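The values are calculated or read from the model by the stated rules, or taken from the named source; none is laboratory data. What you see is a predicted model, and the numbers here were worked out from it, not measured in a lab. With ideal geometry, Cβ positions are generated from the backbone for all residues, glycine too; neighbour counts draw on all protein chains shown. The accessibility values were calculated without ligands, DNA or RNA, using every heavy atom of the protein model including side chains. Shrake-Rupley method; radii C 1.70, N 1.55, O 1.52, S 1.80 Å.
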Amino acid sequence: MNESRTADAGALVEFYRRMVLIRKFELTADQMYKRAKIGGYCHLNLGEEASVVGLMDALRPTDYLFTNYRDHGYALMRGMDTGKVMAELFGKTTGVSKGRGGSMHMFDTGTRMLGGYGIVGGQIPPATGAALALTYRGAPGPDAEAVMCQMGDGTTNIGAFHESLNLAAVWSLPIVYVVINNRLGMGTTVEKAAGEPELYKRGASYRIPGVRADGDDVLAVRQAATDALDQARTQRRPALLELMSYRLRGHSVVDPARYRSAADVETAQEADPVPALRAQLIADGTLTEKQADAIETEMEEQVAAAVAFADAGPDPTPDQLFDYAYATPVPNAPTALPGERMVVLP
């Protein structure tokens, strides 16, 4: 954490508190999945907490966020209620997407987090389109809105990534593309999948400036993201930000990650940003062991309350199957449940 001089002690403690919340939430989500409280796919931010907190602290409430399916921490840090996020994982009607989205599809217009996308790279075209819309809504300037589009390292190999960056450059869009490089696209290393493994350079052919930052340093992340967003606001220049990080578990909850060597796992654990920041704050005299323990306990209690809230929420009922399929009524919308006749004859 070599940039601690740029933040006061109170800010660092708050960052640690947020990182601990994500850590406790994700560890609990892992347990709930294995207890069959959570269905479908589930991808965790374990090991990437510093990147999540730094990015979200750089965003303003008026900015827009699009993420991939590893989105729980972003939802929490964007301001969604912890209980409602957990309820969404549980598939409850009290969830942020009324139980329709689950783990991969956190969505909330109030916090301007517009997904959570389950398709690899599915978030990139709509995020680019949102940035285009902003150019029609207002002029560039220090108070202008911007878009952040987060993705994993493997996503930089798909066509939509390059098509979107090209359009962002041609149209001078206020968007920051963020690549969380945890060094593994599912089970394949970046070096074996990318002709240019220094991913921040991939915007060069579109004349989009790229920056690589330490994703385990919350302050370095915040500074890099703030600089890129300021450029997007005032100059309408897109940016590509690559954050070097590790994930502590497999690609998803059910992935045992046997493709990782013992040395790689050890390196990832040594780089774990949560205990690293705790150790720094204690060594600096900013926190005592007792105070750090109190933060851990507080976040554990908050997550436990979220689980209780999720457990108490109602499940969707069969008659609600087609609710929210369309934003407005449309002719001939499906209403029949599985097994029912599509047409009832006289």
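Order 254-266, 112-124, 188-200 from most to least packed using the mean count of other Cβ atoms within 10 Å. Working shown, then result.
Numbers: 254-266: 11.5, 112-124: 21.5, 188-200: 14.6.
In decreasing order of mean packing, 254-266, 112-124, 188-200 become 112-124, 188-200, 254-266.
Listed by chain and number, the lysines whose alpha-carbon sits under 30 Å from that of K24, ignoring those within fewer than 8 places in the same chain, are K34, K37, K84, K92, K98, K290. At 4 °C and a viscosity of 1.567 mPa s, what translational diffusion coefficient does Stokes-Einstein give for the chain, taking Rh as the Kirkwood radius over Cα pairs? Give it in µm²/s as a whole number. D = 61 µm²/s. Normalised by the number of residues in the chain, what is the relative contact order in percent for Cα pairs under 8 Å and 6+ residues apart? Relative contact order comes out at 23 percent. How far is the Cα center of region 289-341 from the Cα center of region 81-117, in Å? Between the Cα centres of region 289-341 and region 81-117 lies a distance of 7 Å.
Over region 160-305, Cα pairs under 8 Å with separation of 6+ residues give a relative contact order of 26 percent.
Per residue, how many Å² of accessible area does the chain show with a 1.4 Å probe?
Values: 15960 Å² over 346 residues.
Accessible surface, normalised per residue, equals 46 Å².
Taking amide H positions as modeled 1.01 Å from N, with prolines and chain starts lacking one, the residues under 5 Å from Y64 and 5 or more places away or on another chain are A146, V147, M148.
Among DSSP bridges having both ends in the chain, what percentage is antiparallel? Round to the nearest 5. Don't jump to the answer; show the numbers that get you there.
Numbers: 4 of 26 bridges.
For the chain, the DSSP antiparallel bridge percentage is about 15.
When a/c is below 1.5 the answer is rounded, else prolate if a/b is larger than b/c, else oblate, so apply that to region 35-182 with a ≥ b ≥ c taken from the square roots of the Cα gyration tensor eigenvalues. The shape class here is prolate. Peptides 43-56, 139-152 ranked from most to least packed give 43-56, 139-152, packing being the mean of other C-beta atoms within 10 angstrom over each peptide's residues.
Solvent-accessible surface (1.4 Å probe) assigned to Y324 amounts to roughly 140 Å².
Extension gain, A325-K192: 0.36 nm per intervening residue step, less the Cα-Cα distance, totals 43.8 nm.
Sorting check: for 69-76, 287-294, 331-338, 309-316, which peptide has the highest mean count of neighbouring beta carbons within 10 Å, and how do the rest follow? Working shown, then result.
Values: 69-76: 26.5, 287-294: 13.1, 331-338: 8.2, 309-316: 15.2.
Per-residue Cβ counts within 10 Å, averaged per peptide and sorted highest first, yield 69-76, 309-316, 287-294, 331-338.
The helix-only estimate of mean residue ellipticity at 222 nm for the chain, built from DSSP H runs of length n ≥ 4 each weighted as -39500 (n - 2.57), is -13000 deg cm²/dmol after division by the residue total. Average projection, convex hull of the Cα set of region 230-277: 5.5 square nanometres.
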